[in-house]
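Below is one structure, written out as structure tokens; comments come after it.
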Number of protein chains: 2
Amino acid sequence: MNRIRASIITIGDELLIGQTIDTNSAWMGTRLNDAGIWVQRRVAVGDDRQAILSALEEESAKSKVVLITGGLGPTADDITKPTLLEYFGGKMVRDEATYTRVMGFFESRGLPVLERNVAQAMVPDSCAVLQNLRGTAPGMWFEKNDVIFVSLPGVPFEMKGLMENEVIPRLRERFHTPALLHQTLITSGMGESFVAERIRDFEAAMPAHIKLAYLPSYGLLKLRLTTEAPDKITAAAEMKDAHQALKSLVADILVAEQDLPMGVILGNILLEKGLTAGTAESCTGGRIASQITTVPGSSRYFKGSVVSYANETKTSVLRVSPETIRQHGAVSEQTVREMAEGALAVLNVDCVMAVSGIMGPDGGTDEKPVGTVWIAVGGKENIRTMRYHFRYDRARNTEMTAIAAMNELRKWLVG
Amino acid sequence: MNRIRASIITIGDELLIGQTIDTNSAWMGTRLNDAGIWVQRRVAVGDDRQAILSALEEESAKSKVVLITGGLGPTADDITKPTLLEYFGGKMVRDEATYTRVMGFFESRGLPVLERNVAQAMVPDSCAVLQNLRGTAPGMWFEKNDVIFVSLPGVPFEMKGLMENEVIPRLRERFHTPALLHQTLITSGMGESFVAERIRDFEAAMPAHIKLAYLPSYGLLKLRLTTEAPDKITAAAEMKDAHQALKSLVADILVAEQDLPMGVILGNILLEKGLTAGTAESCTGGRIASQITTVPGSSRYFKGSVVSYANETKTSVLRVSPETIRQHGAVSEQTVREMAEGALAVLNVDCVMAVSGIMGPDGGTDEKPVGTVWIAVGGKENIRTMRYHFRYDRARNTEMTAIAAMNELRKWLVG
């Protein structure tokens, strides 16, 4: 099949020394896949002329499309543009549309325009300029030896605007790509190897052009099917069959039929049932509420949270009895149950999640080691409690707790 | 200078199609830098034999150290191990220490041991095995043509354990590396190009082996100095001078002298002043509390948060007057001030942040467009309010609001 292959080159020392996590590549990968373009390599290099030149040379030998982000700012460490000029040839010229935008950008903010800002409008005349409506650095589209190169700013918000408005539409127009479909099922409660054992026959019988991948993710297991076909209709039909078959094999451990964040999965159920929810969070410190409210429109079903990090807040705001905490401790079934009861009353919601645990690195005891978590979920008539024990570091324990709590409320709602 | 160069290869289709954000590489980059090893390239490839073989070949031609993560699980899509066997030669043998650990892992959890789990203990006899104390897939250390290759599991928690316990100590032992130092200043309130203009003379006068980078980050600007010297003492002395000089040039806009998350910067000030804090969050949905409680020991100064996503929660828990909301709206100076006052009383803390805004994509009006945010910070006698207007998407608006609120409380505390 005529697969269009792409490489993504990200530029910046901050990516190599670990100061910045590269979120751009993942986002770009998703969008390119949607357009039927297969990202086969992602390469990060530093702010170094020779490293950039090598990467351009090597990736264009492998891929038909090379997307480049970063190094386009107005300061001396931003060397992408002169390096592109060197690689593609030509001379620097002023792009009038960019110039007008840059001037307007600073004028509208009442700021003076510096020479280095004006320089943002200078581009190699060997490129087609893509207008960046969200910032001052323009996108640049080059072609050389039948390979397309697109240089984009590294600021995610600006890169995304250019990808959506300019790059993806132009690539779609250029290539007649095969349809590339991914679909993911999410399961919980069974380890990767046991799931693999259970679906062994299904996996063995899959046609060669359908791929199955196992992705463990914070106590969940994602099963991703990928199929490729000459057209969308064929791909969708094949995917539907494989997805149905796989789904029926994991029905008892199924969390969701698509790869959605747990906050979205839970939100959809609440919306469908017309119920409101809230949280009482101790050890997760607001992380559950934060994940739920990431979703636009979550105010339709989420009313709020009491982050009771201090015991005093548990008693004063959530009305947990001081006697309960004294007798059983803040991390106990009794306390988390009273937190849930308190949240139901104080937030006036239909259902809640309450969590209390020891995330580490300190605070553990023999009886309640680091990673011990009590969770309560439910509504006024029916609160369910459960104990978890995570064996990770603080950040991972917190994330695992947030996802486990949302998953437990999900089970309570659908069960 | 004898710079040891490294490449990181990450393996997995999920990285290319955008299903997973690669956080491993950034973490590994930081640790390798601390050990004086310069990561010059990071490459992500799919679960594809030929792509892995090419990456091993190409990166080992450029780097002395090649670290590889991912593709070591127990399922059929995990092809890293057979590919390494093919590349390095030898035959598969059972590693007894790993076998014992795998058996113990399943026994201690009361799970049966499957054949595919036992296979985790099979390794090429061309490698030295690194024991993974946090999971079943072992680390593998190969050497070929004077290049070191280390294969590690992709699960971040397991990879980190192996890096800290095995890989970094062995690399330190092997190489006498030059000292590589990074130090970052954080500023706020002035754009990248204006800061560059102000420190232009400093930048022009810097010796060639000191580098300065500009990293805009959610309304802040990070200035990173990098220096390299034959030994730590020289490097530290050079860094101290450059850092002092730069600091004095940006004293009026300085947020922090190190690259720390805003939750840590704020926490350190609270701890030093012996004050307690809390938050009242509407549009940020718990994100501020979550960032503050990411820090171990934050319970010493952070007591909790009321996430009042619904107006009803603002009035019932935070005691905002319904009349205030009716008259001025939930996103207003008056409401956010009453939220702050309410949080001070309800959470019984010395100081608070309160935020209310419209994060988008919906909910904006002509008078209060998407991105409008009111913030209140302060203590009982002195609450300060300010209006922000962010022009981004929902996720970025939320993150900008959280950081702005923490920065405003920081200014209030030190001002």
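The values are calculated or read from the model by the stated rules, or taken from the named source; none is laboratory data. Keep in mind that this is a model prediction, so the values were computed, not measured. Please note: Cβ atoms are built from the backbone with ideal geometry, for glycine as well, and neighbour counts cover all protein chains shown. Areas reflect the complete protein model, heavy atoms only, side chains present, ligands, DNA and RNA absent. Shrake-Rupley method; radii C 1.70, N 1.55, O 1.52, S 1.80 Å.
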Inset, instruction - May I ask you to verify whether B:Asp231 is free of Cβ contacts under 8 Å to residues at least 24 places away in the same chain, on the phi < 0 side of the Ramachandran plot and open to solvent by 30 Å² or more (accessible area, probe 1.4 Å)? - result: no
Legend entry - Near pairs, Cβ below 7 angstrom, 6+ apart or cross-chain, from segment A:28-49 (more than 23 Å from A:Gly161 (Cβ to Cβ) and more than 7 Å from every other protein chain (Cβ to nearest Cβ)) to any residue that is aromatic (Phe, Trp, Tyr) and open to solvent by less than 10 Å² (accessible area, probe 1.4 Å): none
Legend entry - Matching option when the condition is more than 29 Å from A:Arg396 (Cα to Cα) and open to solvent by 60 Å² or more (accessible area, probe 1.4 Å), among B:Pro296, B:Pro361: B:Pro361
Legend entry - Selected residue (criterion: farthest from B:Thr398 (Cα to Cα)) from residues of segment B:209-227 that are open to solvent by 20 Å² or more (accessible area, probe 1.4 Å) and away from chain A (no Cβ under 11 Å): B:His209
Legend entry - Test result for B:Ser305, of a type in the set (S, T, N, Q) and within 13 Å of B:Met406 (Cβ to Cβ): yes
Inset, instruction - With a cut-off of at least 3 residues that are away from chain B (no Cβ under 13 Å), name the strands (runs of 3 or more DSSP E) lying wholly within segment A:339-395. - result: A:372-379, A:382-389
Legend entry - Count - residues of segment B:79-90 that are more than 24 Å from B:Ala6 (Cα to Cα) and acidic (Asp, Glu): 0
Legend entry - Lone qualifier among B:Ala121, B:Ala76, B:Ala97 - being away from every other protein chain (no Cβ under 11 Å), in contact with a helix residue (DSSP H, G or I) (Cβ under 8 Å, 6 or more places away or on another chain) and not charged (D, E, K, R): B:Ala121
Inset, instruction - Can you run down the residue pairs with Cβ atoms below 9 Å, 6 or more apart or on separate chains, where the first is in segment B:176-203 and over 24 Å from B:Lys411 (Cβ atoms) and away from every other protein chain (no Cβ under 12 Å) and the partner is of a type in the set (Asp, Glu) and not in a helix (DSSP H, G or I)? - result: B:Pro178/B:Glu228; B:Pro178/B:Asp231; B:Ala179/B:Glu228; B:Ala179/B:Asp231
Legend entry - Selection within segment B:298-323 - within 31 Å of the chain's Cα centre (by Cα) and more than 7 Å from chain A (Cβ to nearest Cβ): B:Ser298, B:Arg300, B:Tyr301
Legend entry - Failed item, numbered, when B:Met406 is tested on (1) in a helix (DSSP H, G or I); (2) more than 14 Å from chain A (Cβ to nearest Cβ): (2)
Legend entry - Total residues in segment B:364-385, condition closer than 23 Å to B:Arg410 by Cα and open to solvent by 30 Å² or more (accessible area, probe 1.4 Å): 6
Inset, instruction - Output the residues belonging to segment A:304-316 that are surrounded by fewer than 24 Cβ atoms within 10 Å (Cβ to Cβ) and closer than 16 Å to A:Glu341 by Cβ. - result: A:Thr315, A:Ser316
Inset, instruction - State which residue is modelled with the highest pLDDT when the search covers only segment B:251-291 and only residues that are of a type in the set (Asp, Glu) and under 30 Å from A:Val295 (Cα atoms). - result: B:Glu281
Inset, instruction - Hey, could you check segment B:4-26 for residues that are touching a residue at least 40 places away in the same chain (Cβ under 8 Å) and within 20 Å of B:Thr227 (Cα to Cα) and say which is farthest from the other protein chains (Cβ to nearest Cβ)? - result: B:Ile4
Inset, instruction - Report yes if some residue within segment B:267-290 is within 12 Å of another protein chain (Cβ to nearest Cβ), under 23 Å from the mean Cα position of the chain (by Cα) and surrounded by fewer than 24 Cβ atoms within 10 Å (Cβ to Cβ); otherwise report no. - result: no
Inset, instruction - Could you grab me the full set of residues in segment B:6-32 that are closer than 23 Å to B:Ala236 by Cβ and surrounded by fewer than 21 Cβ atoms within 10 Å (Cβ to Cβ)? - result: B:Thr30, B:Arg31
Legend entry - In segment B:172-203, the residues that are open to solvent by 80 Å² or more (accessible area, probe 1.4 Å) and in contact with a Leu (Cβ under 6 Å, 6 or more places away or on another chain): none
Inset, instruction - Test A:Ala196 against the stated conditions and say whether it is assigned to a loop (DSSP other than H, G, I, E, B) and outside the structural domain of A:Ala405 (by TED's automatic domain parsing). - result: no
